[in-house]
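Here is the structure we will look at.
The values are calculated or read from the model by the stated rules, or taken from the named source; none is laboratory data. Model, not experiment: these values are computed from the prediction. All Cβ positions, even for glycine, are placed from backbone atoms using ideal geometry, and neighbour counts span all protein chains on display.
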Amino acid sequence: VYEPPVLAGIGSFP
Amino acid sequence: MTPPPERPGLRLRRDVTACDTETGMVLLDERTGRYWQLNGTGAHILRALLDGGTPDGVAEALAARVEAVSREQIAADVRDLLDRLAAARLTEGAPAAG
């Protein structure tokens, strides 16, 4: 089953 | 002293590190401190292009493996992913032509 490619920003590096 | 010539083809930018995950790939941009996630299809496409594959060749190989999606649709998705990777400044250079 084909899923389109997805690029997602998921964040950054007390 | 002149820097070494850049090799042709698509490549990750110097400050970007790729790490395979169970569901795809995570890209770390040490320049900006951001990290990005590619799903399984995106990771497969990026690996193939970094290995010297052409966008059309990658789309054709993928179309042969999946059902109910045309090669043209996948080729458009590959081009869109390339644009997004470049816009996020994760890659540089152009993929192999062919």
Please list, ordered by residue number, the strands (runs of 3 or more DSSP E) wholly in the stretch B:1-85 having 1 or more residues that are of a type in the set (Asp, Glu). B:16-20, B:24-29
From the option list B:ARG11, B:ARG71, single residue qualifying as of a type in the set (D, E, K, R), touching a helix residue (DSSP H, G or I) at 6+ places or on another chain (Cβ under 8 Å) and either closer than 15 Å to A:GLU3 by Cα or at pLDDT 90 or above (or both) is B:ARG71
For B:ASN39, all conditions in the list (1) at the interface with chain A (Cβ under 8 Å from one of its Cβ atoms); (2) surrounded by 15 or more Cβ atoms within 10 Å (Cβ to Cβ); (3) more than 16 Å from A:VAL1 (Cα to Cα) hold save one; what is the number of the exception? (3)
By residue number, the members of the stretch B:19-36 that are surrounded by fewer than 16 Cβ atoms within 10 Å (Cβ to Cβ) and either among the charged types (D, E, K, R) or under 18 Å from B:GLY93 (Cα atoms) (or both) are B:ASP20, B:GLU22, B:GLU30, B:ARG31
Evaluate the following for B:ALA88: is it farther than 22 Å from A:VAL1 by Cβ, in contact with a Ser or Thr (Cβ under 7 Å, 6 or more places away or on another chain) and among the small types (Gly, Ala, Ser)? no
Going through (1) more than 10 Å from chain A (Cβ to nearest Cβ); (2) out of contact with any Asp or Glu (no Cβ under 8 Å at 6 or more places or on another chain); (3) not aliphatic (A, V, I, L, M) one by one, B:ARG65 fails only at (1)
Hey, among B:ALA76, B:ALA94, which residue is modelled with pLDDT of 95 or more, at negative phi and out of contact with any helix residue (DSSP H, G or I) (no Cβ under 7 Å at 6 or more places or on another chain)? B:ALA76
Selection status of B:LEU81, surrounded by 17 or more Cβ atoms within 10 Å (Cβ to Cβ), more than 16 Å from B:THR17 (Cα to Cα) and either within 14 Å of another protein chain (Cβ to nearest Cβ) or at pLDDT below 95 (or both): yes
